[in-house]
Amino acid sequence: MTSGFDPSEYGRHIAEVYDDLHAELSADAAVAVIAGYANGGAVLEFGIGTGRIARPLAAGGLHVDGIDGSPEMVEQLRRNPWGESLRVEIGDFSTTTLGRRYAVVVLAYNTINALPSQEAQVQTFRNAAAHLEPSGVFLVENWVPDVAGFHRGRAVRAHELAEGRVLVEVAELHPAVQRITATRLAFTADGVRLLPVEHRYVWPAELDLMARLAGLHLEERWQDWDRGPFTDDSSTYVAVYRKDP
Ligand SMILES: C[S@@+](CC[C@H](N)C(=O)[O-])C[C@H]1O[C@@H](n2cnc3c(N)ncnc32)[C@H](O)[C@@H]1O
């Protein structure tokens, strides 16, 4: 594990505005896929955040627990509908254990990159496997690294250009350690907010090997939660890792 990593850091900067920033991001397709794999069983979300995905799952009748490193994100979750009903442990999801098994463990919305090192990412797969029932699945949603989008190690990307809000990311690439250091700039009528983010980016096939190290194997990879085909042009994916028999 990389020393100095603080899993509460991300939420400290963004918790207050997270739900507003992601108001347009539908969780419907993710909820349908997760509920399908759960098939009435329990779900554990690593990096549950403000409950964007977990709350509709719980509202649909599933037992949902979560782990998150940020007390601020979980405070926001508690204020949201269904947020009070979920069991959430504050801790690092690569190591925190809840002492029960689940039909599905999910790590959504590119959060695998929030871990500081390859070792911490492998440890996350091991922790997911340890929480799964014998035939359970670990669902991982992530982006495909776009290193070609950097020029001389730097990239400026417009993430959102909406009326009343602009979200721009200024990023620096460190290929030797597969890291991106970035600051997101959120421009709204209230001013500018700086949101620092650190990624240890990871390749799809690298995740598949991490899964194998943890006693899981790749069952499916789609481009998105709508189960679109994963192709040369895909910039995102959802991978389904099933626990080995
Ligand atoms: C991008 S947000 C995603 C939240 C939610 N899953 C969603 O889809 O909206 C990432 C979440 O993971 C949490 N997180 C990041 N790294 C973590 C770690 N190592 N351990 C626990 N939580 C972590 C952050 O605090 C944040 O709530």
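Subtract the Cα-Cα distance of Gln118 and Val170 from 0.36 nm times their separation in residues, and report this length gain in nm to one decimal. Don't skip to the end; give the middle numbers.
Working: separation 52, 0.36 × 52 = 18.72 nm, distance 2.35 nm.
Full-extension gain reported as 16.4 nm.
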Item to complete: Could you tell me what fraction of 2.2 N^0.38 Å the Cα radius of gyration of the range 1-76 comes to, as a two-decimal ratio?
Response: 1.19
Response to the item:
Mean Cβ-within-10 Å packing, highest first, puts peptides 183-192, 82-91, 207-216 in the order 207-216, 82-91, 183-192
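Can you divide the C-alpha Rg of the chain by 2.2 N^0.38 Å and report the result to two decimal places?
On the way: Rg = 17.3 Å, N = 245, 2.2 N^0.38 = 17.8 Å.
Working it through for the chain, the quotient is 0.97.
Mind giving me the FRET efficiency for Asp6 and Thr231? R0 is 45 Å, r the Cβ-Cβ distance, nearest 0.05 is fine. If you can, show how the numbers build up before the last one.
Numbers: r = 37 Å, r/R0 = 0.82.
So, using R0 = 45 Å, E works out to roughly 0.75.
I need the calculated FRET efficiency for the pair Asp190 and Ala148, taking r as the beta carbon distance and R₀ as 41 Å, to the nearest 0.05.
So, using R0 = 41 Å, E works out to roughly 0.70.
Hey, any idea what % of the chain's accessible area is carbon plus sulfur with a 1.4 Å probe?
Numbers: 6020 of 11740 Å².
Result for the chain: 51 percent of the exposed heavy-atom area is carbon or sulfur.
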Practice prompt. Calculate for the chain the 222 nm mean residue ellipticity that helices alone would give, adding -39,500 (n - 2.57) per DSSP H run of length 4 or more and normalising by residue count, nearest 500 deg cm²/dmol.
Written response: -7500 deg cm²/dmol
Discussion item. Based on alpha-carbon centroids, what's the gap between the range 183-245 and the range 1-39 in Å, whole number please?
Written reply: 12 Å
Discussion item. At a threshold of 8 angstrom on Cα-Cα distance, excluding pairs fewer than six apart, so keeping six or more, what relative contact order does the range 149-198 reach in percent?
Written reply: 27 percent
Item to complete: Please work out how much length the chain gains when fully extended from Arg87 to Val156, using 0.36 nm per residue of separation minus the C-alpha to C-alpha distance, in nm with one decimal.
Response: 21.0 nm
Worksheet entry | Calculated over the range 149-198: convex hull of Cα atoms, volume per residue (Å³) | 60 Å³
Worksheet item: Over the chain, what relative contact order in percent results from Cα pairs under 8 Å that are six or more residues apart?
Response: 17 percent
Worksheet item: Over the range 1-80, what relative contact order in percent results from Cα pairs under 8 Å that are six or more residues apart?
Response: 40 percent
Worksheet item: Going toward the positive end of the dipole of the chain, with +1 on Lys and Arg Cβ and -1 on Asp and Glu Cβ, which of Leu57, His131, Gln76 do you reach last?
Response: His131
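The values are calculated or read from the model by the stated rules, or taken from the named source; none is laboratory data. Since we're looking at a predicted model, the values are computed, not measured. Here Cβ is always computed from backbone atoms with ideal geometry, including for glycine, and neighbour counts include all displayed protein chains. Accessible surface areas use protein heavy atoms only, side chains included; no ligands, DNA or RNA. Shrake-Rupley method; radii C 1.70, N 1.55, O 1.52, S 1.80 Å.
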